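J.: Attaching a single structure in structure tokens format; questions to follow.
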Amino acid sequence: MAHDGLRFGIFLAPFHQLGDNPTLALARDLELIKWLDDLGYDEAWIGEHHSAGWEIIASPEIFIGVAADRTKRIMLGSGVTSLPYHHPFLVAQRFVQLDHMTRGRVMLGCGPGALVSDAYMMGIEAEKQRTMMDESLGAIMKLLEGREPVTMKTDWFELKEARLHLKPYTKGGFPIAVASATTPSGVLTAGKYGVGMLSLGAGLPGGPQKLAEQWRLGEEQAAKFGKTMKREDWRLVINMHVAEDDEQAMREVRAGERVETLSYFSETLGRPPMRSENPLAEGLQAGTTIVGSPETVAAGIRRLLEFTGGGAGAVLFRSHEWATREQTLRSYELFARWVMPQFQGSMDSLYVSREWVSENRSGIFGPHMGAMRKAFTDTGQEVPNHMRMTLHTGKTPLVEK
């Protein structure tokens, strides 16, 4: 299965340990995205949360606006905008404005809202969130199409001859994706509107094994509504950390991962469904968490992609602070240097060039050696001792296998 052109990025919830200075944590998040932009990563998706202490970004749009001003090329998306929390007209307006201000580098990620505690504080019933998301996305799509004024009324929002006074900057519209975790609602909504998908379930136990089936459901749903699902718009979200070797990588993340699991997912959230007692070990075994050397991580990504039954467009790493700040930045650098090229075809021509020179070095460098010998003899100069063997054999250590 070929994966040339695979995109890479992060899904920044973010996760910051309670007790850590939140002002500095937000600054680190911005620093990370600037670092990823410098390294050539393609995408960064920023979350929206309002409770529970760890995930401290309340407005992806504000964060994207600041990050866009500090970066040059990385795409920036909301991961995700919780649609039931906002009037759809305002969501559309904000992202069209960001599309212009970023010159086409913004993406809209949609979801029902991950934390029930957020919805509770706003008086939103949990069982209505997915329906509300579907209604909101339908309104947003119509507003972005701009073919005619939109009039519709639900039990929680109303539009009266509504139209956006700015068209999107991006020709054909900016990318839109729906989050999909454990239930089929996300993939069905993505299929219904023919938009991309953020498969958060790829990073959960049992998630990879369901990827091909999820994609099939999305394609079937899209066909019912006259839409098309594109694999290039499919993003898989997993956990990752890279170090020089497997043992070092595990040493760097073991303690931090345990703190996150116990303090946040267990003690705060009561451990959401499908989270095990030892998610690090289980994730490594299942391939939902990939920790190790560049070779180990590359093999893990290939294994993950095999579960898709045809490939995906991007792999996103759930941003975490299991390791120290320096180790985390180093992890992303190692990945960009040694893993990313394997999936993007950027090394192919270099390997071909190297092999061609190596296989033909006698014919190519032989005349060159003769010319060098002649240059000395013609001028009556002695060949330096350190060059005599090279000129005698016609071989040079620089091109020797």
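J.: Checking the conditions here, which among 175, 184, 205 is touching a residue at least 12 places away in the same chain (Cβ under 8 Å), under 19 Å from residue 306 (Cβ atoms) and in the same structural domain as residue 290 (by TED's automatic domain parsing)?
T.: On the way: 175 fails: under 19 Å from residue 306 (Cβ atoms); 184 fails: under 19 Å from residue 306 (Cβ atoms).
After ruling out the rest, the residue left standing is 205.
J.: Assigned to a helix (DSSP H, G or I), under 29 Å from residue 83 (Cβ atoms) and in contact with a Ser or Thr (Cβ under 6 Å, 6 or more places away or on another chain): which single residue out of 29, 37 fits that description? If you could, list the steps in order and put the result at the bottom.
T.: On the way: 29 fails: in contact with a Ser or Thr (Cβ under 6 Å, 6 or more places away or on another chain).
Exactly one of 29, 37 is assigned to a helix (DSSP H, G or I), under 29 Å from residue 83 (Cβ atoms) and in contact with a Ser or Thr (Cβ under 6 Å, 6 or more places away or on another chain), namely 37.
J.: Tell me the residue from 236, 316, 304 that is at pLDDT 95 or above, buried (at least 21 other Cβ atoms within 10 Å of the Cβ) and touching a Lys or Arg at 6+ places or on another chain (Cβ under 6 Å), please. Walk me through how you get there before you give the answer.
T.: Details: 236 fails: touching a Lys or Arg at 6+ places or on another chain (Cβ under 6 Å); 304 fails: touching a Lys or Arg at 6+ places or on another chain (Cβ under 6 Å).
Every option except 316 fails the conditions.
J.: Here's something else I'd like to know. Considering 42, 20, 38, which residue is in contact with a Phe, Trp or Tyr (Cβ under 9 Å, 6 or more places away or on another chain) and acidic (Asp, Glu)?
T.: 42
J.: Say we look at the stretch 246-275 and pick out the residues that are among the small types (Gly, Ala, Ser) and out of contact with any Ser or Thr (no Cβ under 9 Å at 6 or more places or on another chain); which of these is modelled with the highest pLDDT? Spell out the reasoning first.
T.: In the first step, residues of the stretch 246-275 are kept if they are among the small types (Gly, Ala, Ser); the result is 249, 255-256, 263, 266, 270.
Those left that are additionally out of contact with any Ser or Thr (no Cβ under 9 Å at 6 or more places or on another chain): 255, 263, 266, 270.
Values: 255: 95, 263: 92, 266: 88, 270: 89.
Only one residue tops the list, namely 255.
The values are calculated or read from the model by the stated rules, or taken from the named source; none is laboratory data. The structure displayed is predicted, hence computed values, not measured ones. Because the Cβ atoms are built from the backbone with ideal geometry, glycine has one as well, and the counts that use them run over all protein chains shown.
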